[in-house]
Structure formats: structure tokens, C-alpha cells
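**Q** Sending over a structure as C-alpha cells; questions will come in a sec.
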Amino acid sequence: MVRINSVLKVAEFEIRKLRKRYGTGSLLLIILTAAVSVSLGYASVLSGIDSDRGIYSANIDVSLETFETSDNPDVVLVDSKLFVEQSDKSLAAAEELLKHLKEEHRRKIENEFGELAHPVKVSVVYLDPSKITLPEEKEKPSETEVPPSVGNETGGSALKNTTAVTTMAVEKTITLSKAPNTSYIPPGDIQTPSLVDRMVLAFLFIIPSYFAVQVFSSSLTEDKLLRRLEVLLSATSRSDLIFGKLLPYFLLSLLSALAVSVYLGSFLAFLFAIPVVLLLFSVHTFVVMISRSYREATFLLLVVSLLITIYAFIPAVFSTAIPLSKISPITLLLTYIQGDELAVIDLALSFVHYFTMVFMLFYFGMKALNPDISYGKEIFQKLVEISRLSVTSDYAALIIAFLSISFAFMVELFAILVVFILPQQLMIPALLLCVAVVEELIKGVIVFSHPTLKRAVFTAVGFFLGEKILILFNVLKEYSIAFLGQFLVLPLILHIATAVTLAVMAKKGYGKALGFAIALHAVYDYAVVMLLV
């Protein structure tokens, strides 16, 4: 149980240690450097980086920043004619110059003729593909039937009415929203909304937290290796110690995200950054606790930071193509900033998914705060030992297995993204193999804590229930074939069979037990998918 007074005392101790380690001037310099870096990055995206000034040359002054006058030009303008060389640079310079001349011509006729310069205008409206439903087709009149609205032999009136009906059907089905048109853009220059700008906005919320997370993990690693944590544990509990050391850094991250929210005018946007920030803090805590040396901790922290960043941000890239992208709070953050509507079910699934992993990582990290686990032993043996301390009963095994589906889902989402680069005939087998490895590793860690048949069955049932929850909420709807989501009995039989295999073969070694269970899982999945689906 967390005690507020104890947490605050540990936090105060952490702040005093930071002052001694870095000094007030160093801390201010770090904060100022981070703020300047973020500001410059944001400004460069908005205004562009002026790195192409004078990269091309012409024989005369063309009043364009990318061009300069030269005696050996890339392009030559003579008597309104443009001459180029047979080189990539010369052709690129000609394209840049022609684009500039077209823009100048358009601006000139707009200034001279105003709106008459463009007598026909078309408004472009961007729609969410998932919300578009086609209008129902109307029965076409036969060749002998003449609609009452036809008033002449050409049928022009009939065509007009048909167009009107179709337009009305579309308007009733799709709700259009568009920004006011402030200027004319030639059709050739129309572009879809930039993803880069949106991703930079998302990074503004998270990047400052990386500095805080790195300082936190560095401080925690130092205290662990110097055995200060053991001294502190004599005066406080594990939870008070971890949360007390975490508090100053989390508040700094929260304030930076809040500042970005206020700056952008989206005052609640910082809430979407909290799950990602807490996941970073929790995974760093867990990795430090299971690391045997500073070198090992540094390597693992670098890897997990990269993976968490990819897991949080990459789904946002596919936000319009893959429904699974809504599992990331970053996708929801960008949706909120754009002013689009957020579904309650998407919010609930995303936040529950992330906070489940946060809770489990902090819980296991506290269990790992043990001299028998912190030093020596291989990482997998440490995981089994942590499981032995955490899973104290068969019902606890069921709950832990149920909650661990979040970690399985995270790794399997990585697999889904990766298998797309493989040849088509290898995609399904590769995905099924990855699913088998991930699920059997997770079940193995739980079963090995107490390798009995009862523990194996409870673990299998818990994992099975977790999978069905994902299918129930359509999280894995598009990929249910790989997870046997359309079946009820078969996945349960599979999980029980592999979990029992792990329990029976545990005495022969963890490696052999896992290898046999993974092979059984992969072959079973492949046979079911290939033969029954």
C-alpha cells in the first residue's frame, strides 16, 4: 500500500540527490536545451529548413531563392526559351523554375482579373474512408418508360434530375466538413493533409519526457548498483520507494505535456500522453531491476525505449488504413487535436491496454527489487523467479495470464506490421510462428513458477479468456484467422495442451519445454488455419 508521506520523503531525497549530482545550473541548462530543441524542431517543420538556398544556377537572375546567377548555369534562359543539359541536376532545376513561373503567372492573372481568373472552382473535402457508405442504387427506368420530368427529346432534364437524386443520397449518408476556402490551389498542387506535421505535434508531447525518463533510469540504476536501494528499503516499502523516486520526473513530464497542450490550444490533449509516458517509466523500472550491470541496463533500456516509441507512434501512421491503430493513444491524440470525434470504446480499449501493462510492469519491478533476483542469474531465470514471487496461487496464475494478453498483443502487433514485408506465401506461417513463440513464452514464465497440471490449466484458461476479450471487442477482427478467433473450443484445447506440456517437461529444462510447446502450438495453428479455414 502506498503511503503519501513516505512517497513524498523519497521524492524529496531524490530531488536533493539531483541537485548534488547536476547542480541548479546544470538542471536549468538541460531544461533550456530541451525546450530550445523542441521549439526549433517544431519551427523547422512549420517554416521549412532553408537548406536548398542557391542549389541551382541560371544565366540570369530569376528572383528565386533556390537559384543563383552563374557563368556555368544549370539552365539557360534566352528569348523566353529554356535550355537544359542532359543531367539530373539540370532537369531538376528546369522543373523547379517552371513550377515557379507557373505560380507567378497564376498570381499575375489573379491580381489582374480577380475571381474571373478561375471561372470554375471545385472544393476538396477529405473524408474518413471507414465512415463512407454508398447510396442505394435506384431502379433505372426502362427504355420504353419516360419519367414525368422529361420535358424535351434530348433527355437533358432527366439527366439533371438523376444527378440531383444521387447527390441527395450521398448528402444524407455522408456528413461533410470542410475548412473555408481562402485561396485558389491548382488541381495539380492539391495534396493530402501532411502526416509529418501531425507526427511532430505528437512528438512534442512525448520527447520532453524522454529526458526525464533517462535521468530517472540512470538514477535508479546507480542506486541499485551501489546498493542504496537496500538501505532505503529498511525505512520504507518497495512501492513507496519506486513511486517516490518516480514522482519528480513524472511531474516534470506531465508539466511539459500540459505546456504543449496550452500552447496548441487543446487543453486536454496532454491526457493522451500520460499512458505512453507511464509505460516508458514502468518499463525502465522493470528493466533496471532485472539488469545485472550498468552496461546491460544501458543496452536494454535503449532497445525497449525504441520499441515503445515504435509501438506508440507507428500505428498513427496507418490510422486511416488499419483499425488496430486506434489501440495507440498517439492515434487518439492526433484525432483529438484535429477536432474529430472520438469513440468511447476506442478510448477505453487504448487506455485499459496501456495501463494494464503499466500496472504489471511496476508490480513485477517491485517484486524484482530483491537481492536474490537483482544480482546474478540469467534474465529468463529472473523472470521465472519474479513469477514465483508474484503468482502465489492458481487463481493468481489465471489473473496474471489474463492480464498478460496485453503484452502478447503488443508483440503480435509488431509481428503483423513486420510480416507485410515478407513474400505472400510466407506471411501466414511467419505470423503463426511468432504468435506461438510469444504466447508460449508468456505461459511458460507463469507455469514454471509452480509446474503442476492445475497451474497449467488455470494459466491456459486465463490466457484463453484474454484472447476472447480482444475478439469480443473486435480488436483482432481483421486478423482473427491467425488467432483462431472464430473458434471457441479449439483455442482452449490448444492452450491447455501446450500449458500441460510446459508443466510436464519443465523438469527436463525450460528450453526443451518451451521448444516442444512452441512447435506444438505452431503446427496446430498452421493445420487448423490451412485445413479448416
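The values are calculated or read from the model by the stated rules, or taken from the named source; none is laboratory data. Note that this is a predicted model, so its numbers are computed, not measured. Heads up, the Cβs are rebuilt from the backbone with ideal geometry, glycines too, and the neighbour counts pull from every protein chain shown. Ligands, DNA and RNA are stripped out before the accessible areas are found, and what is left, the full protein with its side chains, is counted by its heavy atoms. Shrake-Rupley method; radii C 1.70, N 1.55, O 1.52, S 1.80 Å.
**Q** Could you provide, to the nearest whole Å², the per residue accessible area of region 203-339 with probe 1.4 Å? Intermediate values should be presented prior to the final figure.
**A** Values: 5340 Å² over 137 residues.
On a per-residue basis, 39 Å².
**Q** Over region 393-533, what is the relative contact order in whole percent, taking alpha-carbon pairs under 8 Å and six or more residues apart?
**A** Values: 159 pairs, mean separation 43.8, N = 141.
Worked out over region 393-533, it gives 31 percent.
**Q** When you count, for each residue, the other Cβ atoms within 10 Å and take the mean per peptide, how do 284-294, 94-104, 111-121 rank with the highest first? Walk me through the intermediate numbers first.
**A** On the way: 284-294: 21.5, 94-104: 14.7, 111-121: 9.4.
Going by the mean number of other Cβ atoms within 10 Å, highest first, we get 284-294, 94-104, 111-121.
**Q** Over region 56-117, with the other protein chains present, what is the accessible area per residue in square angstrom, probe 1.4 angstrom? The partial results should precede the final answer.
**A** Details: 4620 Å² over 62 residues.
Per residue, region 56-117 has an accessible area of 75 Å².
**Q** I would also like to ask the following. If you take the beta carbon distance between Val262 and Glu65 as r and set R0 to 41 Å, what does 1/(1 + (r/R0)^6) give as a FRET efficiency, to the nearest 0.05? Could the numbers behind the result be given before it?
**A** Details: r = 35 Å, r/R0 = 0.84.
Result of the calculation: an efficiency of 0.75.
**Q** Using θ = phi - 60° and the Karplus relation 6.51 cos²θ - 1.76 cosθ + 1.60, list the HN-Hα couplings for region 313-318 in order, rounded to whole Hz, with x at every Gly or Pro.
**A** 9, 4, x, 5, 5, 9
**Q** Also, I was wondering about something else. What length, rounded to one decimal in nm, is gained on full extension from Ser80 through to Leu520, with 0.36 nm per residue of separation minus their alpha-carbon distance?
**A** Numbers: separation 440, 0.36 × 440 = 158.40 nm, distance 7.50 nm.
Full-extension gain reported as 150.9 nm.
**Q** While we're on this one: Please compute the modelled spin-label separation between Ile493 and Ala396, points set 7 Å along Cα→Cβ, answer in nm with one decimal.
**A** 3.4
**Q** To continue, here is another question. Pulled fully out, how much extra length does the chain show between Leu32 and Lys507, if you take 0.36 nm times their separation in residues and subtract their Cα-Cα distance?
**A** So the chain would gain 165.4 nm between Leu32 and Lys507.
**Q** Working out 0.36 nm times the residue gap between Val120 and Asn5, then minus their Cα-Cα distance, what length gain in nm do you get to one decimal? Mind dumping the intermediate values first?
**A** Values: separation 115, 0.36 × 115 = 41.40 nm, distance 7.04 nm.
Stretched out fully, the Val120 to Asn5 stretch lengthens by 34.4 nm.
**Q** Give me the percent of accessible area attributable to carbon and sulfur for region 56-117, probe 1.4 angstrom. Write out the running numbers ahead of the final one.
**A** Numbers: 2260 of 4620 Å².
In region 56-117, the share of accessible area belonging to carbon and sulfur is 49 percent.
**Q** How high is the FRET efficiency from Ile15 to Tyr294, r the C-beta distance, R0 25 Å, rounded to 0.05? Please list the in-between numbers first.
**A** On the way: r = 23 Å, r/R0 = 0.92.
Between Ile15 and Tyr294 the formula returns 0.65.
**Q** Once phi is turned into ³J(HN,Hα) by the Karplus curve 6.51 cos²θ - 1.76 cosθ + 1.60 with θ = phi - 60°, what whole-Hz value does each residue of region 361-370 show in order, with x for glycine and proline?
**A** 5, 5, 4, 5, x, 5, 5, 6, 6, 9
**Q** Could you order peptides 451-461, 386-396 by the average number of other Cβ atoms within 10 Å of their residues, highest first? It would help to have the intermediate numbers written out before the result.
**A** Details: 451-461: 20.9, 386-396: 16.6.
Result, highest mean Cβ count within 10 Å first: 451-461, 386-396.
**Q** Toward the positive end of the charge dipole of region 393-533, about the Cα centre and with charges on Cβ (Lys, Arg +1; Asp, Glu -1), which of Phe409, Val529, Ala397 goes farthest?
**A** Ala397
**Q** Same structure again: Of Lys468/Lys507; Lys377/Lys443; Lys382/Lys512; Lys326/Lys382; Lys245/Lys468, which pairs sit farther than 28 Å apart, going by alpha carbon to alpha carbon?
**A** Checking Cα-Cα distances, Lys468/Lys507; Lys326/Lys382; Lys245/Lys468 exceed 28 Å.
**Q** Let me ask something additional. Taking the Cα-to-Cβ direction at Phe407 and at Val352 and moving 7 Å from each Cα, how far apart do the two end points lie in nm?
**A** 2.0
**Q** If R₀ is 25 angstrom, what is the calculated FRET efficiency for the pair Leu465 and Ala343, using the beta carbon separation as r and rounding to 0.05?
**A** On the way: r = 24 Å, r/R0 = 0.96.
Plugging the Cβ-Cβ distance into 1/(1 + (r/R0)^6) gives 0.55.
**Q** Further, regarding this structure: What are the ³J(HN,Hα) values, in whole Hz, obtained from phi via the Karplus relation 6.51 cos²θ - 1.76 cosθ + 1.60 with θ = phi - 60°, for each residue of region 422-434 in sequence order, with x given for Gly and Pro?
**A** Karplus values, whole Hz, x for Gly and Pro: 7, x, 4, 6, 9, 4, 5, x, 5, 5, 5, 5, 5.
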